[in-house]
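K.L.:
Please see the structure below; I have some questions.
The values are calculated or read from the model by the stated rules, or taken from the named source; none is laboratory data. What you are looking at is a predicted structure, and each value in this text was computed from that prediction instead of being measured. No Cβ is skipped: glycine too gets one built from the backbone with ideal geometry, and neighbour counts run over all protein chains shown. Surface areas here come from the heavy atoms of the whole protein model, side chains and all, with no ligands, DNA or RNA. Shrake-Rupley method; radii C 1.70, N 1.55, O 1.52, S 1.80 Å.
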Amino acid sequence: MRRLLIAGNWKMNMKLDSAKALAQGLKEKAAGVSEVDIAICPPSLYVQPVGAIVNGSNVGLGAQNAYFAKAGAFTGELEMAMLTDVGCQYVILGHSERRHILGESSEFINLKVRAALKAGLIPIVCVGELEAERDNGVTNDVNRRQFDGSFSGVSAEEMKKCVIAYEPVWAIGTGKVATPDQAEEVHAFLRGLIVEKYGKEVADVVRIQYGGSVKAGNAKELLSKPDIDGALVGGASLKVDDFMGIIEAVRAL
Ligand code: PEP
């Protein structure tokens, strides 16, 4: 049985005071939740002050991105070891906003996935098709390509530690959530890809989150599906009650 992981992607939102207040509120309200794993991923600059608040609690800490190289002349970048140094357990990699706005390729993301694993981080690796790709019937091809590219050279033991977030791009921040059946179809396909590459024993432990307009009102139905093992949440992770609403809706599943 895979433990659900509910992770909040705060993106480039909030100023320090509200980020700290959100972390504090979540820490207090989530204190009694032991059934699911919880994580928050603040903007990089706020990872440390937010981490100081949730340190020692059941709210895990992640970053939204980092670079693959070891420390050196990479202006503006962060090394994976800097994230673990300030208490991160997770790092989101390959988010569609980085793939499509910042032009990151699966090959580039793969370098980061491997660096994250070497640093002892759990990479949350995002894949997902554009609306036009779904309309053109190439959803599986796109997700296969992103999966193959992003996990190239990752060993079976490393793969077990990875989290995949299936995030159909057309559902991110649009309020247009995938139906549970649409999501489950791709999740089952992705798990099949893990079976093909690593075998069933590995596929059985890898968590595949769904992301795309998840809210308290739709979380239970989505996460009740057999291959949906949690949620990566954007907009609804920015308010304590919204995020807690999702956690409360699924903690008994
Ligand atoms: C996301 O940022 O990964 C996301 C899924 O956003 P939202 O929940 O706002 O659609």
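K.L.:
If you scan the range 234-251, which residues turn out to be part of a helix (DSSP H, G or I), open to solvent by 20 Å² or more (accessible area, probe 1.4 Å) and within 12 Å of the ligand (Cβ to nearest atom)?
P.N.:
Gly235, Asp242, listed by residue number.
K.L.:
Do we find that Gly32 is exposed (fewer than 15 other Cβ atoms within 10 Å of the Cβ) and on the phi > 0 side of the Ramachandran plot in this structure? Working first, answer last.
P.N.:
On the way: exposed (fewer than 15 other Cβ atoms within 10 Å of the Cβ): yes; on the phi > 0 side of the Ramachandran plot: no.
No; evaluated as a whole, the condition is false for this residue.
K.L.:
Here is a list of conditions, (1) within 16 Å of the ligand (Cβ to nearest atom); (2) over 22 Å from Leu223 (Cβ atoms); (3) crowded, with 19+ Cβ neighbours inside 10 Å; (4) among the β-branched types (Val, Ile, Thr), and Ile172 meets all of them except one; can you say which number that is?
P.N.:
(2)
K.L.:
Now for a different question. Scan the range 198-217 and report the pairs whose first residue is open to solvent by less than 10 Å² (accessible area, probe 1.4 Å) and among the aromatic types (Phe, Trp, Tyr) and whose second residue is within 13 Å of the ligand (Cβ to nearest atom) and outside any loop (DSSP other than H, G, I, E, B), with Cβ atoms within less than 6 Å and a gap of 6+ or a chain change.
P.N.:
From residues that are open to solvent by less than 10 Å² (accessible area, probe 1.4 Å) and among the aromatic types (Phe, Trp, Tyr), the pairs are Tyr210/Tyr166; Tyr210/Ala183; Tyr210/Leu222; Tyr210/Ala231.
K.L.:
Let me ask something additional. Select from the range 202-226 the residues that are in contact with a His (Cβ under 9 Å, 6 or more places away or on another chain), assigned to a loop (DSSP other than H, G, I, E, B) and either over 13 Å from Ala178 (Cβ atoms) or within 13 Å of the ligand (Cβ to nearest atom) (or both) and list them in ascending order.
P.N.:
Matches in the range 202-226: Pro226 only.
K.L.:
In the range 91-112, which residues are open to solvent by less than 30 Å² (accessible area, probe 1.4 Å), farther than 19 Å from Asp148 by Cβ and within 12 Å of the ligand (Cβ to nearest atom)? Explain how you work it out, then say what you get.
P.N.:
Let us first name the residues in the range 91-112 that are open to solvent by less than 30 Å² (accessible area, probe 1.4 Å), namely 91-96, 99, 104, 106, 109-110, 112.
Checking which are farther than 19 Å from Asp148 by Cβ leaves us with 91-92.
Residue satisfying the conditions is Ile92 alone.
K.L.:
Ok, one more. Could you tell me whether the range 120-134 includes any residue that is modelled with pLDDT of 95 or more, open to solvent by 70 Å² or more (accessible area, probe 1.4 Å) and within 16 Å of the ligand (Cβ to nearest atom)? It would help to see each step written out before you state the result.
P.N.:
Step one: filter the range 120-134 for residues modelled with pLDDT of 95 or more, giving 120-134.
When the remaining residues are screened for being open to solvent by 70 Å² or more (accessible area, probe 1.4 Å), the result is 131.
Still in the running and within 16 Å of the ligand (Cβ to nearest atom): 131.
Yes; the residues of the range 120-134 include at least one that is modelled with pLDDT of 95 or more, open to solvent by 70 Å² or more (accessible area, probe 1.4 Å) and within 16 Å of the ligand (Cβ to nearest atom).
K.L.:
Could you list, in sequence order, all residues of the range 4-25 that are part of a loop (DSSP other than H, G, I, E, B) and more than 19 Å from the chain's Cα centre (by Cα)?
P.N.:
Step one: of the range 4-25, the residues part of a loop (DSSP other than H, G, I, E, B) are 4, 10-15.
Correct list: Met14, Lys15.
K.L.:
Here are the criteria: (1) touching a residue at least 24 places away in the same chain (Cβ under 8 Å); (2) open to solvent by less than 30 Å² (accessible area, probe 1.4 Å); (3) aliphatic (A, V, I, L, M). Tell me which single one Val142 does not satisfy.
P.N.:
Unmet for Val142, out of (1) touching a residue at least 24 places away in the same chain (Cβ under 8 Å); (2) open to solvent by less than 30 Å² (accessible area, probe 1.4 Å); (3) aliphatic (A, V, I, L, M): (1).
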